[in-house]
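*Asks:* The structure under discussion is supplied below as structure tokens; questions concerning it will follow.
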Amino acid sequence: MAAPTPVLFVPECYADTAVTLTLLRENRASHKRLLNFVSHGQGIKKVGNVMRLQPTAPSNTRRVVGIVDVDKDFYEHPHLRGFTRVLSGSLTRKQHSHALLQHAEFSSQFLIAINPACEVWLLDRAAELGKTPADFGLPNDLDAFKAFCKTQDAERDPRLRNLLDAVAKAYHPAYRVLAEFVADIMDLDHPLP
């Protein structure tokens, strides 16, 4: 197998970072090297700025993938407005669990748009497993769960990792599409179901 293509993932928040780390583990990335692939954006504006500053020359082989929520701030950053090529999913709120987008001008830049927001996406994936967040030791109340997901420790919290590992193991279509997209972006073999 060829060496993976260099990729930088830029998640918007701690919950998005936890999803990203799970997708990278799913795709056989070395756990010790995961942070070489991830630059935590700390907000949609910063995700847009990091992506805007990436080399965009045709000779650039590094791919950049932003991970953001489809919320009221979704297209606030001018650079993010350029992600007009829909590869799969939909940006229509609650119509689809995600949208995979490519920048119209910079073909090495992609966006995973979690729909409507990562916290709700996580709750929906748990429900599809017949579980609640409480089954993983997490708050069941949406507001309390959102507050937990906004803490810096959330991305490495074993309870959230257990929830994500259960989602990954179940390989539900909402997760599978993202895992296969990450494998394609990194030029890796597809993860096994």
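*Asks:* Cβ contacts < 9 Å: first residue basic (Lys, Arg), restricted to segment 85-103; second residue part of a strand (DSSP E or B), any location; separation 6+ or different chain. Result?
*Replies:* Every condition considered, the pairs that remain are 85/101; 85/102.
*Asks:* Residues that are touching a Phe, Trp or Tyr at 6+ places or on another chain (Cβ under 8 Å) and hydrophobic (A, V, I, L, M, F, W, C): find the helices (runs of 4 or more DSSP H) completely inside segment 125-193 holding 3 or more of those. Steps first, answer last, please.
*Replies:* Values: elements: 142-149, 158-170, 173-185.
The qualifying helices (runs of 4 or more DSSP H) are 158-170, 173-185.
*Asks:* If you check residue 45 against the conditions, is it at pLDDT below 70 and assigned to a helix (DSSP H, G or I)? Outline the logic, then answer.
*Replies:* Details: at pLDDT below 70: no; assigned to a helix (DSSP H, G or I): yes.
No, not satisfied.
*Asks:* If you go through segment 106-123 one residue at a time, do you hit one that is part of a helix (DSSP H, G or I), touching a helix residue (DSSP H, G or I) at 6+ places or on another chain (Cβ under 6 Å) and modelled with pLDDT under 95?
*Replies:* Restricting attention to segment 106-123, the residues satisfying the condition of being part of a helix (DSSP H, G or I) are 118-123.
Pick out the ones that are also touching a helix residue (DSSP H, G or I) at 6+ places or on another chain (Cβ under 6 Å) and you get 118-119.
After this cut, where a residue has to be modelled with pLDDT under 95 as well, the list is 118-119.
Yes, some residue in segment 106-123 is part of a helix (DSSP H, G or I), touching a helix residue (DSSP H, G or I) at 6+ places or on another chain (Cβ under 6 Å) and modelled with pLDDT under 95.
*Asks:* Restricting the search to segment 59-84, which residues are free of Cβ contacts under 8 Å to residues at least 24 places away in the same chain and not charged (D, E, K, R)?
*Replies:* Within segment 59-84, the subset free of Cβ contacts under 8 Å to residues at least 24 places away in the same chain is 59, 72, 75, 81, 84.
Across segment 59-84, the qualifying residues are 59, 75, 84.
*Asks:* Could you list, ordered by first residue, the pairs with Cβ atoms under 7 Å in which the first is in segment 138-160 and under 13 Å from residue 119 (Cβ atoms) and free of Cβ contacts under 8 Å to residues at least 40 places away in the same chain and the second is surrounded by 16 or more Cβ atoms within 10 Å (Cβ to Cβ) and of a type in the set (Gly, Ala, Ser), at least 6 apart or interchain?
*Replies:* These pairs meet every condition: 148/154.
*Asks:* Residue 137: touching a helix residue (DSSP H, G or I) at 6+ places or on another chain (Cβ under 6 Å), farther than 27 Å from residue 78 by Cα, modelled with pLDDT of 90 or more and small (Gly, Ala, Ser), yes or no?
*Replies:* Working: touching a helix residue (DSSP H, G or I) at 6+ places or on another chain (Cβ under 6 Å): yes; farther than 27 Å from residue 78 by Cα: yes; modelled with pLDDT of 90 or more: yes; small (Gly, Ala, Ser): yes.
Yes, satisfied.
*Asks:* Within segment 170-177, does at least one residue satisfy the condition of being touching a Leu at 6+ places or on another chain (Cβ under 6 Å), closer than 23 Å to residue 12 by Cβ and free of Cβ contacts under 8 Å to residues at least 40 places away in the same chain?
*Replies:* Initial filter on segment 170-177 (touching a Leu at 6+ places or on another chain (Cβ under 6 Å)): 170.
Now narrow it down to the ones that are closer than 23 Å to residue 12 by Cβ: none.
Taking every residue of segment 170-177 in turn, none turns out to be touching a Leu at 6+ places or on another chain (Cβ under 6 Å), closer than 23 Å to residue 12 by Cβ and free of Cβ contacts under 8 Å to residues at least 40 places away in the same chain.
*Asks:* Could I ask something else about it? Within segment 138-182, work out how many residues are surrounded by 14 or more Cβ atoms within 10 Å (Cβ to Cβ) and touching a Cys at 6+ places or on another chain (Cβ under 8 Å).
*Replies:* 2
*Asks:* Related question: Return the residue satisfying two criteria in turn: it lies in segment 81-104 and is assigned to a loop (DSSP other than H, G, I, E, B) and surrounded by 15 or more Cβ atoms within 10 Å (Cβ to Cβ), and of such residues it is modelled with the lowest pLDDT. Let's see the steps before the verdict.
*Replies:* Applying the first criterion (assigned to a loop (DSSP other than H, G, I, E, B)) to segment 81-104 yields 83-84, 90-97, 103-104.
Adding the requirement that they be surrounded by 15 or more Cβ atoms within 10 Å (Cβ to Cβ) leaves 83, 90-91, 96-97, 103.
Values: 83: 92, 90: 85, 91: 82, 96: 79, 97: 87, 103: 91.
Applying the filter and picking the extreme gives 96.
The values are calculated or read from the model by the stated rules, or taken from the named source; none is laboratory data. Every value quoted in this text rests on a predicted model; they were computed, and no experiment measured them. Note that each Cβ is placed from the backbone with ideal geometry, even for glycine, and that neighbours are counted across all protein chains shown.
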